[in-house]
Amino acid sequence: MSLTHSVINFNNSEIAFRNKSNAELRQAHLLFKVMNNAGLVKLGKHLVNIAFAVHFPVKGILRNTIYQHFVGGTSIADCSKTIQKLAARNVGTILDFAVEGEERDELFDATCAEVIRTIEFARNNRHVPFSAFKITGVGRFDLLAKVSEKAQLSEEESKEYRRVYDRVESIFKRGYDLGVPILIDAEHTWIQPVLDDLVLEMMERYNKDVAIVQNTYQMYRHDAIHRLKDHHRIALDMGVKFGLKIVRGAYMEIERARAAEMGYPSPIQPDKPATDHDFNEVIRYFMDHLDTIHFMVATHNEVSSQLLAQLIDERGLPHDHPHIYFSQLYGMSDHITFNLAEKGYNVVKYVPYGEVKTMMPYLFRRAEENTSVKGQSSRELKLIEKEVRRRKGK
């Protein structure tokens, strides 16, 4: 079969920015211009933290700039316009309640309840095909690390872990009861073992017919393919569907620094080409096991996106095959999202939501990511500038 039908023009800026007015396009241009400068990002982060500390009224400025670009709203209800806007372009939404770094049980309980509300919302909205959460949103990081290394827990810690377990189970059970698949985010390597064990246990319970429970694999880990295939074999032995999302990864600098400090081999791939190789290799593996794997390729990489689109066409599969999804973050890589959606592929945006102050760690990460990922901001900038020129030339 000829691949000509599968080649997607990710440089089509008209499709990528069709939703944006000229004013919105100018604002996006300014935002990415700032984020392209590492010094400005560092300074901005410092100034924002000071502003919040001294109660300077900075929320309005943030809400109308970086927050507006990367965040869907302050609440589930507040995200409705964003959901509708994406749906009009054939793009689904994953609502992501982006709370992190909490330490207290009442906050974990509140986050658990909010995640369950996203599941209930998704059940009644066909434009929200998944729910998602972080285990560190419902459990204390240090406790998860201790369980992961199989350390002896005190009686109080055992009770605390039971509460974490119950929260995780209540989330997946609600997804199972309502038929909503749930993605659990990947974590740092030293707390991933407890997450993997929990997820496999929940898969056995809830993935008999549909992949409700879905893990996330960071392909910048050199053991990711081995771990993923091992978990797939376990799922097959249990007679359940294997659900998962792949990402390149989010904690590289932290992982390398910790490994160096503690004297163990780095869990990270030696270089980006090795990560890219494994990422694309595992996409081929998924396509060879489509009957037992439901998967999402979450990437801002054109080559990986093109590869999956081509494999779908090569095998004569429908673009909207129910086991296959593409995903990007809201506010980034619209040239990938909307050009895939235009061709009828299943595409979703991860749409974080929450109050302005709560969202700041997430927003700082997006800003830093756009300076640290080679070429990321300049690519976004070039596409925005291309669209500005195209509109002027009309």
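Expressed as a whole percent, the accessible surface of segment 247-351 that belongs to carbon and sulfur atoms is 56, based on a 1.4 Å probe. Here Met262 and Asp78 are evaluated by their C-beta separation; at R0 = 51 Å the FRET efficiency comes out at 0.75.
Measuring with a 1.4 angstrom probe and ignoring ligands and nucleic acids, Glu281 comes out at about 80 Å² accessible.
With helices as the sole contributors, the chain gives -17000 deg cm²/dmol at 222 nm; each DSSP H run of n ≥ 4 counts as -39500 (n - 2.57), and the sum is divided by every residue. In order along segment 320-334, phi translates into HN-Hα couplings of 9, 4, x, 8, 10, 10, 9, 8, 9, 6, 4, x, 9, 6, 4 Hz, rounded to whole numbers, per the Karplus curve 6.51 cos²θ - 1.76 cosθ + 1.60 with θ = phi - 60° and x for Gly and Pro. So if R0 is 35 Å, what FRET efficiency would Ile234 and Ala145 give, r being the distance between their Cβ atoms, rounded to the nearest 0.05? So, using R0 = 35 Å, E works out to roughly 0.90.
Considering only beta bridges that DSSP places wholly inside the chain, some 5 percent are antiparallel.
Exposure check, 1.4 Å probe, all protein chains in place: Thr358 carries approximately 60 Å² of accessible surface.
At 7 Å along Cα-to-Cβ for each site, give me the label-to-label distance between Leu178 and Glu368 in nm. Spacing of the two 7 Å Cα→Cβ label points: 3.3 nm.
Between Asn22 and Asn36, residue separation times 0.36 nm minus the direct Cα-Cα distance comes to 2.9 nm.
Rounded, prolate or oblate: which one fits segment 256-394, using the alpha carbon gyration tensor with axes a ≥ b ≥ c (rounded when a/c is under 1.5, else prolate when a/b beats b/c, else oblate)? Provide the component values of the computation, followed by the final result.
Working: a/c = 1.66, a/b = 1.05, b/c = 1.58.
Oblate, since a/c reaches 1.5 and b/c is not below a/b.
Which residues in segment 208-235 place their backbone N less than 20 Å from a point set 7 Å from the Cα of Tyr285 along the Cα-to-Cβ direction? Counting backbone N atoms under 20 Å from the label point, the list is 211-235. Quote the accessible area belonging to Leu317 in square angstrom, nearest 10, computed with a 1.4 Å probe and with ligands, DNA and RNA left uncounted. Here the accessible area works out near 40 Å². Reducing segment 139-199 and segment 13-61 to their Cα centroids gives an inter-centroid distance of 35 Å. Backbone amide hydrogens, once placed in the peptide plane, bring Arg221 within less than 5 Å of Gln269, excluding anything fewer than 5 places away on its chain. Evaluating 6.51 cos²θ - 1.76 cosθ + 1.60 at θ = phi - 60° for every residue in segment 278-291, the Karplus couplings come out as 5, 4, 6, 4, 6, 4, 5, 4, 4, 5, 7, 10, 5, 6 Hz, glycine and proline recorded as x. Would you work out if segment 33-91 is rounded, prolate or oblate? Take a ≥ b ≥ c from the square roots of the eigenvalues of the alpha-carbon gyration tensor; rounded if a/c is under 1.5, else prolate when a/b is larger than b/c, oblate otherwise. Because a/c hits 1.5 or more and a/b fails to exceed b/c, segment 33-91 counts as oblate.
The shape of segment 192-317 comes out oblate: with a ≥ b ≥ c from the C-alpha gyration tensor, a/c is at least 1.5 while a/b does not beat b/c. Database remark: amide H of Lys245 closer than 5 angstrom to the amide H of Asn215, Thr216, Tyr217, Met296 (H placed geometrically; neighbours at sequence offset of 5 or more, or on other chains; Pro and chain starts carry no H). With contacts taken as Cα pairs under 8 Å and at least 6 residues apart, the chain reaches a relative contact order of 26 percent. At a probe radius of 1.4 angstrom, the accessible area of the chain per residue rounds to 45 square angstrom.
The values are calculated or read from the model by the stated rules, or taken from the named source; none is laboratory data. Since this is a predicted model, take the numbers as computed values, not measurements. Every residue, glycine as well, gets a Cβ built from its backbone with ideal geometry; the counts of neighbours run over all protein chains shown. Protein only, heavy atoms only, side chains kept; ligands, DNA and RNA dropped before computing areas. Shrake-Rupley method; radii C 1.70, N 1.55, O 1.52, S 1.80 Å.
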